[in-house]
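Notes follow once the structure below has been shown.
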Amino acid sequence: MLWILIFTSLLFKVCISKITGYGNTTADYGGAVHYRCAVTNPTGVRQVTWQRLFKDDSIENLATYSTRFGQQVNDPYRGKVIFTEASLGSSSITLRNVTWDDESCYICSFNVYPDGSKRTQICLTVRGISEVKTEVQAPSDVEVVFSCSATGKPAPTIQWDFSPDVTITEQTQTATVTNSDHTFTSSSNVTLRVHPEWKGHADCLLNSGVAGQRRERIPFSLPVGEKNDTGLTALIETQHTVEAAVGDEASLTCHLMQPRDVLQVTWQKILPEGEKNMATYSERFGERVHAGFQSKLQFKDAGLQNSSIVIRRVMEEDEGCYRCMFNTFSEGALIATTCLQLYELHGPFLHVRESTVVSCSATGRPAPTVTLTVPHYNSTSVTNTNGTVTVTTTAGLSGLHGNSTRVGCAVRVLSGPQIEVSMMIPEVKQSSDDDFTLIIVLSVVVACVCVCVAAAVVITLLMRKHRNRRSHRDSEENKTPQKAIKDTDE
């Protein structure tokens, strides 16, 4: 009978001490987390307490439940901690609007009579973005600078997306700063070239492709609109800036957005001394390319509502602005301007010196963007006499690879295609030249030692021979007259 009572008592204690708890271990900043705990046998439970465990091992009470006093949420957690279930057998709470300060371990404690406190705990990590700042500036009538910064954990990533009809002239790499609360602030700027009537936006893409990604839209519109020669607002749709590589073809297009009684379409090149007619189209005379441009230009789309021309093998002298002019019957000339911007790129050239330093260079106009696939590198630029710029990026490989590593380089000018090259860097080992040099040094040392030993032996033998001859002469002095001895000495 006694053994039965002991076994029953042990079984009772085992059942009481069995506590289960589960809930969120990670949460997005500003979101909510849920926790629940339960005991298999609530017999003897007097109170359920939710607590918070800090990194310095201090404990703070959040909320309690008992049959006598019911639900109690302590200050300053009222409104933040909500009971969703309250009983002596199980308890559930919700933490709302979590912040970086809510990263802690949360304890569910059952006060059991007479065993004392039985508890379980779950730790929470907060991630995401807590703050985003955006800014837009227009330093000129054709350039707009967009800025975006975000604070979060882990360090936020920043990418850009834009409205159409823009050109990226400069984009900085994302810079990251570590804050005192162990969060990170990332920032990025991008400069766009736009046409005078551009109305659009830039989207700052934060943590793209991962949970909690965000898109912050930065709208902008330039207040100035282009006017035609008669003072009417332009009704022509065209690309304000057309980019083309030196030696390629460039296509210029104009589209009349509203029907008009057009008699002729004329393309002109804007020169310092004025406009010069290049080509015309009319229903009566058809396509006509003027002298001086016949080997350089041709119509791609000839019409009175839409007109496109192609400039072949563009060179530096072709860079500049062009006008398309729709000559109408009642309104006169409707004019739009489109500018041709050329770029050139030579490279990239990837080099590795002694498997410790990698460099990549490219020459272009305007200055190309040169990027290495290594964590840290330095960039230098040199302006050449022909107006091109040579950009060189250099990085040290020491400590970067123990085994063979592939290093890549990517270059780009404006919005042209990105060109990439890569090279396999072998594992750093002692070269055969070093081995050969070591062998030569050792051979020289051994030879010197041998020569020194041989010289010492020869000197010793000569000295010994000399002493023997002297002793022999001394013995003969007793037998030979003094004169003979003198002669011998001489």
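Does segment 180-195 contain at least one residue that is modelled with pLDDT under 90, more than 27 Å from residue 341 (Cα to Cα), over 15 Å from the mean Cα position of the chain (by Cα) and polar (S, T, N, Q)? Yes. Looking for something loosely packed, with under 14 Cβ neighbours inside 10 Å, free of Cβ contacts under 8 Å to residues at least 60 places away in the same chain, of a type outside the set (Val, Ile, Thr) and over 24 Å from residue 152 (Cα atoms) - is there at least one such residue anywhere in segment 88-97? Looking for residues that are loosely packed, with under 14 Cβ neighbours inside 10 Å, free of Cβ contacts under 8 Å to residues at least 60 places away in the same chain, of a type outside the set (Val, Ile, Thr) and over 24 Å from residue 152 (Cα atoms), one finds none in segment 88-97, hence no. Scoring residue 30 on the criteria (1) closer than 26 Å to residue 183 by Cβ; (2) assigned to a strand (DSSP E or B); (3) of a type outside the set (Ser, Thr, Tyr) leaves a single failure, condition (2).
Taking segment 130-150 as the search range and keeping residues that are part of a strand (DSSP E or B) and hydroxyl-bearing (Ser, Thr, Tyr), which one is surrounded by the fewest Cβ atoms within 10 Å (Cβ to Cβ)?
Residues of segment 130-150 part of a strand (DSSP E or B): 130-137, 143-150.
Filter once more, so that each one left must be hydroxyl-bearing (Ser, Thr, Tyr): 130, 134, 147, 149.
Working: 130: 17, 134: 14, 147: 17, 149: 21.
Per the stated criteria, the residue is 134.
Within segment 197-224, residues that are over 13 Å from residue 146 (Cα atoms) sit with their Cβ atoms under 8 Å from residues that are modelled with pLDDT of 85 or more and exposed (fewer than 12 other Cβ atoms within 10 Å of the Cβ), at 6+ positions apart or across chains, in these pairs: 206/215.
For residue 325, the criteria (1) open to solvent by less than 20 Å² (accessible area, probe 1.4 Å); (2) within 21 Å of residue 287 (Cα to Cα); (3) not in a loop (DSSP other than H, G, I, E, B) hold in every case but one, which is (1). Inclusion of residue 294 among residues that are free of Cβ contacts under 8 Å to residues at least 24 places away in the same chain and either on the phi < 0 side of the Ramachandran plot or outside any strand (DSSP E or B) (or both) is warranted. The residues listed here are 119, 68, 127; of these, the one that is open to solvent by 60 Å² or more (accessible area, probe 1.4 Å), assigned to a strand (DSSP E or B) and out of contact with any Asp or Glu (no Cβ under 7 Å at 6 or more places or on another chain) is 119. Against the test of being exposed (fewer than 14 other Cβ atoms within 10 Å of the Cβ) and without any contact (Cβ under 8 Å) to a residue 60 or more places away in the chain, the options 194, 190, 177 yield a single qualifying residue, 177. Here the condition is being closer than 18 Å to residue 33 by Cβ and out of contact with any strand residue (DSSP E or B) (no Cβ under 8 Å at 6 or more places or on another chain); of 78, 127, 96, 68, it holds for 78 alone. Scanning segment 294-307 for residues that are open to solvent by less than 80 Å² (accessible area, probe 1.4 Å) and more than 24 Å from residue 237 (Cβ to Cβ) gives a single hit, 296.
One line per residue, one yes/no per condition, for (1) at pLDDT below 85; (2) over 47 Å from the mean Cα position of the chain (by Cα):
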| residue | (1), (2) |
| --- | --- |
| 232 | yes, no |
| 242 | no, no |
| 245 | no, no |
| 263 | no, yes |
| 271 | no, no |
| 295 | no, no |
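Here residue 382 meets each of (1) hydrophobic (A, V, I, L, M, F, W, C); (2) more than 30 Å from residue 281 (Cβ to Cβ); (3) open to solvent by less than 10 Å² (accessible area, probe 1.4 Å) with one exception, condition (3). Note on segment 248-261: residues that are open to solvent by less than 60 Å² (accessible area, probe 1.4 Å) and either modelled with pLDDT of 90 or more or part of a loop (DSSP other than H, G, I, E, B) (or both) total 4.
For segment 71-87, a residue qualifies if it is open to solvent by less than 40 Å² (accessible area, probe 1.4 Å) and in a strand (DSSP E or B), and the qualifying residues are 73, 81, 83, 86. If you go through segment 268-286 one residue at a time, do you hit one that is assigned to a strand (DSSP E or B), β-branched (Val, Ile, Thr), open to solvent by less than 90 Å² (accessible area, probe 1.4 Å) and out of contact with any Lys or Arg (no Cβ under 7 Å at 6 or more places or on another chain)? Scanning segment 268-286 turns up no residue that is assigned to a strand (DSSP E or B), β-branched (Val, Ile, Thr), open to solvent by less than 90 Å² (accessible area, probe 1.4 Å) and out of contact with any Lys or Arg (no Cβ under 7 Å at 6 or more places or on another chain).
Checked against the criterion of being of a type in the set (Asp, Glu), within 38 Å of the chain's Cα centre (by Cα) and within 27 Å of residue 212 (Cα to Cα), segment 27-35 contains one or more residues that satisfy it.
The values are calculated or read from the model by the stated rules, or taken from the named source; none is laboratory data. Everything quoted here is computed from the prediction, not taken from an experiment. Please note: Cβ atoms are built from the backbone with ideal geometry, for glycine as well, and neighbour counts cover all protein chains shown. When the accessible area is computed, the model is the full protein with side chains, heavy atoms only, and any ligands, DNA or RNA have been set aside. Shrake-Rupley method; radii C 1.70, N 1.55, O 1.52, S 1.80 Å.
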